[in-house]
Amino acid sequence: MKLNPLLCAAAVAFTMSSAIAGEVEVLHYWTSGGEAKSAGELRSMMQSKGHTWKDFAVAGGGGDNAMTVLKSRVVSGNPPSAAQIKGPAIQEWAAEGVLANLDTVAKAENWDKVLPAVVANVMKHKGNYVAAPVNVHRVNWIWASPEVLKKAGVAGMPKTLDEFFAAADKIKAAGLIPVAHGGQNWQDFTTFESVVLGVGGPKFYQDALVKLDQKALTSDTMKKSLEAFRKIKGYTDASAPGRDWNLATAMVMQGKAGFQFMGDWAKGEFMAAGKVPGKDFLCAAAPGTANAFTFNVDSFAMYKLKDAGAQKAQADLAAAIMSPPFQEVFNLNKGSIPVRLNMPMDKFDDCAKLSSKDFVDTAKTGGLVPSVAHGMAISPAAEGAIKDAVSQFWNNDRMSIDDGVKSIASAARNQ
Ligand code: BGC
């Protein structure tokens, strides 16, 4: 039988393209309005390269639920292609020998040149890239409702904790909720680390929360931090326990609450609801922390897979994540800033421009510190232990400051 040469060529082309396309199953926890929109950008980019995106979203801000699900999938020998993990957890997974080496893509795309060293180091295990970074989130922010501030007669964003408490008193007196909070341990710690930074400054933050130095953890500065932290709780509402972070953001959006301590994924939430920064909501560094930047870098690690199509999809995912068009569109939606150096910022709003400037400036002054609440600083086990101790203090108004300090210090010591 004589074969039609045109059909043969088409069949070969089809086989080739199907051989290089694959399925990419991506585990993440981006399920709020702003987060889902951002994840959608990555999905579209992968689909446009011919790959099939299998969404593996596990709800739960901060990712604790997602990490539990991830462990059970990997332990049962059925890992997803990629998972949103970060900081020291990347090193722990790499040490288990389950992560794929991304050096070929990283070399071809020059990651060593286009990434800040502080980020590249976190993405590497024993010198090899094992994760691709998506963004830089800043954690030490407060968000505010200009409508609530106006009603309460608060002139502007508080720069110090004293100014913050004065503003909170006015909001309370106006019959509104001063602080929108969701009582979950990562949200408690998000507030806590900003307070420690505001009270003690970046060097103290490093000593106490990153180095877990007992002297710093039991110092008067830590006591002062716990006093301020407890005082903030007094400005939250009775329904805070268990509330999701994006519902707390919605309280600010709807003019029910004045402030929220939260990283800049909150901005993604405001933007997804069509709100305009500077007009419908305000951003500022958390009180007393303008000279510091708690960084939180989202990243995807790829798990070792045998299928060639799946491997190609992983390489394409890694390249897509680091590409300038993706870095721009994703971060415009997510509330973060691009992790790639020298990206144009003209499409970004003033909060992002401030973040970008402060990221560069604080790297020079020592004010750039890793977020503990968001898995960038210490081992997941140590992080879990001190988060629990901090939340126990937050939830128990009868625990004395001294006992709070002792319990946090002992949680840190036992790691
Ligand atoms: C992640 C963000 C996410 C937030 C709330 C943080 O730990 O880095 O990407 O939006 O948690 O889920």
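The mean sequence distance of close C-alpha pairs (under 8 Å, at least 6 residues apart), as a share of the length of the chain, puts its relative contact order at 27 percent. Stokes-Einstein diffusion for the chain, with the hydrodynamic radius set to the Kirkwood value over Cα pairs and evaluated at 20 °C in a medium of 1.002 mPa s, equals 96 µm²/s.
Using C-alpha pairs under 8 Å with a sequence gap of at least 6, the mean separation divided by the residue count of the stretch 147-302 gives a relative contact order of 35 percent. Note on the stretch 116-167: dipole from Cβ charges, positive end direction compared against 153, 129, 166; the farthest Cα belongs to 129. Beyond 24 Å, the tail of the calculated P(r) for the stretch 226-341 holds 45 percent of the Cα pairs. Rounded to the nearest 20 debye, the dipole size of the stretch 143-278 about its Cα centre is 220 debye, using +1 on the Cβ of Lys and Arg and -1 on the Cβ of Asp and Glu.
Of the residues 391, 72, 145, 32, the one with the fewest other Cβ atoms within 10 Å heads the list, and the complete ranking is 72, 391, 32, 145.
You can think of it this way: the chain between residue 410 and residue 361 has 14.2 nm of extra reach, that is 0.36 nm per residue less the Cα-Cα gap. Using 1/(1 + (r/R0)^6) with R0 = 30 angstrom and r between the beta carbons of residue 52 and residue 304, what's the FRET efficiency to the nearest 0.05? For R0 = 30 Å, the calculated efficiency reads 0.95. Can you give the % of DSSP beta bridges in the chain that are antiparallel, to the nearest 5? Looking only at bridges with both residues in the chain, the antiparallel portion is about 55 percent. With only alpha-carbon pairs counted, each pair once and no self-pairs, how large is the Kirkwood hydrodynamic radius of the stretch 286-401 in angstroms? It works out to 17.3 Å. Think of the stretch 16-130 as having a plus end and a minus end, set by charges on the Cβ of Lys, Arg, Asp and Glu; of 58, 100, 116, 116 sits farthest toward the positive end of this dipole.
Of the residues 268, 184, 221, the one whose Cα sits farthest toward the positive end of the charge dipole of the stretch 143-271, with +1 on the Cβ of Lys and Arg and -1 on the Cβ of Asp and Glu, is 221.
Calculated over the stretch 43-156, the projected area of the Cα convex hull averaged across directions stands at 10.9 nm². A simple charge model with +1 on the Cβ of Lys and Arg, -1 on the Cβ of Asp and Glu and nothing else charged puts the dipole of the chain at about 240 debye relative to its Cα centre. Between the beta carbons of residue 203 and residue 23, assuming R0 = 41 Å, the FRET efficiency works out to 0.30 to the nearest 0.05. Counting only Cβ charges, +1 for Lys and Arg and -1 for Asp and Glu, the dipole size of the stretch 274-322 around its Cα centre is about 60 debye. Remark: for residue pairs 54/86; 49/124; 159/357; 215/406, the C-alpha separation exceeds 23 Å in 49/124. If R₀ is 30 angstrom, what is the calculated FRET efficiency for the pair residue 101 and residue 400, using the beta carbon separation as r and rounding to 0.05? According to the calculation, E is roughly 0.05.
How large, in Å, is the stretch 337-412 by the Kirkwood hydrodynamic radius built from its alpha-carbon pairs?
Its Kirkwood hydrodynamic radius stands at 15.2 Å.
Straight-distance candidates among the aspartates and glutamates for linking to residue 150, with alpha-carbon spacing under 18 Å and chain neighbours fewer than 8 residues away dropped: 163, 169, 280.
Coordinate-derived values only; no laboratory data. Bear in mind that the values here come from a model prediction, so they are computed numbers and not experimental data. Note: ideal-geometry Cβ built from the backbone for every residue, glycine included; neighbour counts use all protein chains shown.
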